[in-house]
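Worksheet: one structure, shown below.
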Ligand code: GLN
């Protein structure tokens with residue numbers, strides 16, 4: 001049989017999505033791949049029902065239907081603090097996943113260096129390989145997930161073409177402060193590089209933290225490519241609606257890449273999603289309240305049963321420290337992946353091994369998410385209590 005490309009041998013399938021498959025196989029409560037188990041807003045469902053008869057059912061404009069881009073521009077303009085032009089500064093993609101891939105392919109030549117924080121959302125590694133870029137990893141050091149600006153400057157000095165910032169950050173839950181973003185942005189300007197952001201969790205930020213869009217900082221719009229999606233904000237991860245926002249010259253290039261990658265995002269879903277983009281500001285405040293409640297419920301539950309964890313500033317992810325378990329004789333020599341497999345089979349809860357996010361050899365963290373109904377979270381905590389009972393001393397502490 002003919003050989004496959006060398007490229008496909010250089011990365012694995014997504015561990016996040018693999019954990020979902022294993023979880024389904026064993027009927028576990030899936031807190032691995034992050035997506036909600038509750039319905040999207042009613043207006044979206046009603047709009048979708050209407051679209052099924054009224055259409056459109058054929059291709060939309062490849063870079064996004066005009067009315068969708070116009071509604072999107074109105075929403076994005078608020079975050080960016082400037083008027084975003086739907087005709088030149090937006091490209092609608094199949095999820096933020098395609099947005100990030102298209103961004104990398106638009107700005108990178110084979111061999112170009114791109115800085116990526118570690119831990120990072122696993123797609124960025126594969127995106128770098130697929131676009132021919134060479135990642136330079138910048139540690140985000142747990143438990144605070146701080147970074148060293150000197151390392152970033154060093155990366156730019158080595159000629160890095162871009163830095164990827166996931167803000168709020170998956171899996172660490174870090175929300176980059178305005179000050180941190182300004183410092184990174186200043187370096188990007190100084191070294192004439194791009195900042196590529198992934199801001200899909202922009203509305204899942206917990207007080208007193210606030211989300212700042214990199215592109216909204218003075219002078220940064222022309223150097224920033226923002227990847228975002230409707231998946232998390234409107235609980236429609238399966239609709240695969242994402243977008244790129246950036247300066248016209250970049251978007252012009254990205255639209256070409258996007259056209260040949262996927263032609264376009266689903267036309268009927270774009271039409272239905274306009275109703276979501278037009279929701280009033282109160283929708284986002286309410287969403288924030290709902291997720292704050294979930295975070296507090298889940299984190300206090302973990303405290304109560306004595307499992308060590310971080311407290312995310314944003315996103316819907318929590319990192320659990322499993323060192324105490326790995327010290328037990330029955331888990332001697334376990335990798336975090338083996339521990340997660342054990343959890344699915346014996347505890348009935350699915351998590352993602354931390355090693356799939358870290359460049360460094362980190363084996364003691366696993367990621368859980370709380371985008372679940374209260375009853376599901378309560379059930380998961382109940383199951384996790386059985387796991388906590390294995391520990392000799394189950395006193396809670398925060399890492
Ligand atoms: N961002 C989600 C996570 O990290 C999953 C997104 C996806 O699988 N496309 O779990």
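Pick out which of 174, 345, 161 has the largest mean-square fluctuation in a Gaussian network model of the chain, springs linking Cα atoms closer than 10 Å.
Of 174, 345, 161, the Gaussian network model singles out 345 as fluctuating most.
What are the radius of gyration and Dmax of the stretch 1-94, computed over its Cα atoms and given in Å?
Values for the stretch 1-94 (Cα only, Rg and Dmax): 19.8, 55 Å.
How big is D for the stretch 40-165, in µm² s⁻¹ as a whole number, if Stokes-Einstein is applied with the Kirkwood radius of its Cα pairs at 37 °C and 0.692 mPa s?
In µm²/s, the coefficient rounds to 189.
Answer rounded, prolate or oblate for the stretch 125-188, using the Cα gyration tensor with square roots of eigenvalues a ≥ b ≥ c: rounded when a/c is under 1.5, else prolate when a/b is larger than b/c, else oblate.
oblate
Give me the Kirkwood hydrodynamic radius of the chain in Å, from all C-alpha pairs, to one decimal place?
Kirkwood radius, the chain: 21.8 Å.
Using the number of other C-beta atoms within 10 angstrom as an exposure proxy, rank 249, 255 with the fewest first.
249, 255
Suppose R0 equals 25 Å; then what is the FRET efficiency for residue 190 and residue 134 from their Cβ-Cβ distance, rounded to the nearest 0.05?
Step by step, r from the Cβ atoms, then E = 0.70.
Convex hull over the Cα atoms of the stretch 253-320, averaged projected area in nm²?
7.6
Gain in length, residue 378 to residue 153, computed as 0.36 nm per residue apart minus the alpha-carbon separation, to one decimal in nm?
Once the chain is fully extended between residue 378 and residue 153, it gains 76.5 nm.
Could you tell me what a quarter of the Cα convex hull surface of the stretch 189-325 works out to, in nm² with one decimal place?
In nm², the orientation-averaged hull projection of the stretch 189-325 is 11.9.
Cut-off 10 angstrom, C-alpha nodes, Gaussian network model of the chain. Which of 109, 154, 228 fluctuates the most?
154
Where does the stretch 72-142 land on the Kirkwood hydrodynamic radius, alpha-carbon pairs, in angstrom?
Averaging 1/r across every pair of different Cα atoms and inverting gives 13.8 Å.
Order by neighbour count: 293, 367, fewest other Cβ atoms within 10 Å first, most last.
So the residues, fewest neighbours to most, are 293, 367.
Computed from the mean reciprocal separation of all distinct C-alpha pairs, what Kirkwood hydrodynamic radius does the stretch 249-393 have, in Å?
After inverting the pairwise mean of 1/r, the radius is 18.1 Å.
Checking the a/c ratio against 1.5 first, then a/b against b/c, what shape does the Cα gyration tensor give for the stretch 202-266?
Since a/c reaches 1.5 but b/c is at least a/b, the shape of the stretch 202-266 is classed as oblate.
In the chain, what percentage of the DSSP-assigned beta bridges are antiparallel, given to the nearest 5?
50
How large is Rg/Rh for the stretch 150-269, to two decimals, with Cα atoms and a Kirkwood Rh?
0.99
Can you give the Rg/Rh ratio of the stretch 306-360, where Rg is from the C-alpha atoms and Rh is the Kirkwood radius?
A ratio of 0.96.
What ranking do 189, 365, 151 get, fewest neighbouring Cβ atoms within 10 angstrom at the top?
The order, fewest Cβ neighbours first, is 151, 189, 365.
Work out Dmax and Rg for the stretch 27-71 from the C-alpha atoms and quote the Rg first, both in angstrom.
Final numbers for Rg and Dmax: 15.4, 42 Å.
Return an integer: the convex hull volume of the alpha-carbon atoms of the stretch 320-399, in Å³ per residue.
Roughly 102 Å³ of hull volume per residue.
FYI, it's all coordinate maths here, none of it is from the lab. Quick caveat: nothing in here was measured; it's all calculated off a predicted structure. All Cβ positions, even for glycine, are placed from backbone atoms using ideal geometry, and neighbour counts span all protein chains on display.
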